[in-house]
2 protein chains.
Amino acid sequence: MPIKGLTLLSVASVFTLVSAAFAAGHLTQDQQRAMDARNAHMTLYSFNLGKVGAMVQDRVPYDADVASAAAANLAALAAIDEAGYWVEGTDTSIEGSRAKPEIWADMAGFEAEQVKLATATAAFAAVAGDGLDAMKAGFGPVGQSCSSCHESYRAPRE
Amino acid sequence: MPIKGLTLLSVASVFTLVSAAFAAGHLTQDQQRAMDARNAHMTLYSFNLGKVGAMVQDRVPYDADVASAAAANLAALAAIDEAGYWVEGTDTSIEGSRAKPEIWADMAGFEAEQVKLATATAAFAAVAGDGLDAMKAGFGPVGQSCSSCHESYRAPRE
């Protein structure tokens with residue numbers, strides 16, 4: 001078998017260390033991993049939204065290559081399968097979670113928001129390199145998708 | 001213009017809050033965002049590696065759908081453009097960074113490791129649903145890519 005045992009052991013160790021530091025034993029491993037992954041996913045959305053947002057708001061000059069790469073990243077992130085993210089018991093009743101109980105009460109509606117974001121980011125990626133006006137127009141539905149999902153399914157920061 | 005100002009403002013606010021909590025003012029905003037994004041990216045690798053790793057190590061039964069989805073996620077993550085991740089001044093001289101100075105001293109070698117991972121994960125995604133043996137064989141080069149890159153470019157956890 002060509003697998004290095006050490007590699008997987010290392011991955012598992014990192015998980016354990018990070019999870020232990022964060023949860024202090026209040027959550028199961030699956031719950032902690034789910035929250036870590038969700039937060040990481042959001043951080044990568046934010047990182048790439050920051051690049052195009054600065055151009056949309058005219059704070060930095062438009063750069064077709066940067067805009068295209070960031071938009072492609074957003075589309076790739078939105079297409080990632082989120083299986084394992086929405087583990088029971090990880091809603092706002094848990095410290096550090098902003099995931100509203102509405103996610104679990106209305107999973108179909110929540111998944112529809114994910115489809116909306118995937119659609120908006122794919123369309124955005126197709127036009128982000130076509131000039132500032134085209135990029136701004138394509139960004140609109142992306143921002144609206146963020147907003148509508150957060151409004152329904154994410155609690156405000158405390 | 002169909003952009004909601006509030007949306008971008010919210011994204012920016014989240015950035016600021018997270019960054020401030022983490023860095024306590026020692027890093028520039030670009031440096032902090034880069035480190036946050038890199039760490040988030042690694043967390044998502046780990047999350048998906050954990051799913052397939054459990055099957056590779058025979059700790060959970062093989063599930064073709066789970067394996068395929070996780071492998072596709074790994075390939076998507078490996079294909080994400082990392083522009084903005086490797087900001088100067090964010091190597092191991094910074095608290096919390098395990099990015100060796102070798103990344104900046106040998107960027108071509110580091111990028112070659114990224115290409116190797118993208119190639120390995122794409123090949124893995126193509127076979128992960130074809131049965132346990134095929135998945136194990138496809139996983140080998142992925143694990144080897146993780147190991148070789150970490151050995152050269154990532155410092156051990158302290």
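The values are calculated or read from the model by the stated rules, or taken from the named source; none is laboratory data. Computed from a predicted structure; not experimentally measured. Don't worry about glycine lacking a Cβ; one is built from the backbone with ideal geometry, like all the others, and counts go over all protein chains shown. Side chains included, ligands, DNA and RNA excluded: accessible areas come from the protein's heavy atoms. Shrake-Rupley method; radii C 1.70, N 1.55, O 1.52, S 1.80 Å.
Determine, yes or no, whether A:V142 is touching a residue at least 12 places away in the same chain (Cβ under 8 Å), out of contact with any Gly (no Cβ under 9 Å at 6 or more places or on another chain) and not acidic (D, E). Yes: the conditions hold for A:V142. A:L27 falls short of the stated requirement of being crowded, with 21+ Cβ neighbours inside 10 Å and at the interface with another protein chain (Cβ under 10 Å from one of its Cβ atoms). The set of residues from segment B:126-148 being touching a helix residue (DSSP H, G or I) at 6+ places or on another chain (Cβ under 6 Å) and either within 11 Å of chain A (Cβ to nearest Cβ) or at positive phi (or both) comprises B:M135, B:K136, B:G138, B:F139, B:P141, B:V142, B:G143, B:S145, B:C146, B:S147. Suppose the filter is within 9 Å of chain A (Cβ to nearest Cβ), at pLDDT 95 or above and out of contact with any Asp or Glu (no Cβ under 9 Å at 6 or more places or on another chain); does B:V11 pass it? No; evaluated as a whole, the condition is false for this residue.
So is A:A54 more than 7 Å from chain B (Cβ to nearest Cβ), free of Cβ contacts under 8 Å to residues at least 12 places away in the same chain and among the hydrophobic types (A, V, I, L, M, F, W, C) or not?
Yes.
Pairs meeting the criteria (first residue in segment B:72-87 and more than 9 Å from chain A (Cβ to nearest Cβ), second residue β-branched (V, I, T) and surrounded by fewer than 22 Cβ atoms within 10 Å (Cβ to Cβ), beta carbons under 7 Å, at least 6 apart or on different chains) are B:W86/B:I103. The helices (runs of 4 or more DSSP H) located wholly in segment B:51-156 that include 1 or more residues which are closer than 25 Å to A:A34 by Cα and open to solvent by less than 10 Å² (accessible area, probe 1.4 Å) occupy B:64-79, B:107-127, B:132-153.
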